[in-house]
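Scroll down for the structure; my scribbles are underneath it.
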Amino acid sequence: MAAMDLFGRRWALRILWELRSGPLGARALLARCEGLSSSVLYQRLRELTSSGIIAPSADGYELTRLGTALGHALRPLDEWAAIWAQEQEHHDQEPTET
């Protein structure tokens, strides 16, 4: 349950998502996560680092082996979300009865 608590925190999954393609510095993460404050970013980076999911690197922060495995585990959820978004769009375009 500790993992769900960590991943349920605001911005945690988004930060991990942004790191999926390679290391990023704090400024790049802030730019990619519109609305994320620097204080929350640094708090999440500390939490994700202490949990062993990300690690500091020469280029900022990067996924660890565990973080990469988590990314692979999240791919089906991303695929489901794409299907869900299409369904929502289709549903929103249906004429409403009056």
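Results, tabulated for the structure shown:
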read-out: Residues with amide H under 5 Å from that of ILE54, placed H, sequence gap 5 or more; value: THR49, THR64
read-out: Under-5 Å amide H pairs with TYR61, H placed in peptide plane, nonlocal only; value: LEU24, GLY25
read-out: Phi-based couplings in Hz for the stretch 50-56 (Karplus 6.51, -1.76, 1.60; Gly and Pro marked x); value: 5, 8, x, 8, 10, 9, x
read-out: Relative contact order %, the chain, counting alpha carbon pairs below 8 Å whose residues are six or more apart; value: 25
read-out: Equivalent-ellipsoid semi-axes of the chain, from the Cα gyration tensor, Å, largest first; value: 30, 16, 13
read-out: Net +/- balance of residues flanking LEU48 in space, Cβ distance below 12 Å, scoring K and R +1, D and E -1; value: +1
read-out: All-pairs alpha carbon distance profile, the stretch 1-49, 10 Å steps from 0, percent; value: 25, 61, 13, 0
read-out: Derived scalar couplings ³J(HN,Hα) [the stretch 19-25; Karplus, 6.51 cos²θ - 1.76 cosθ + 1.60; whole Hz; x for Gly, Pro]; value: 7, 4, 9, x, x, 9, x
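We did not get these values from a lab; they are worked out from the coordinates using the rules stated. Quantities reported herein were computed from a predicted structural model and do not represent experimental measurements. Because the Cβ atoms are built from the backbone with ideal geometry, glycine has one as well, and the counts that use them run over all protein chains shown.
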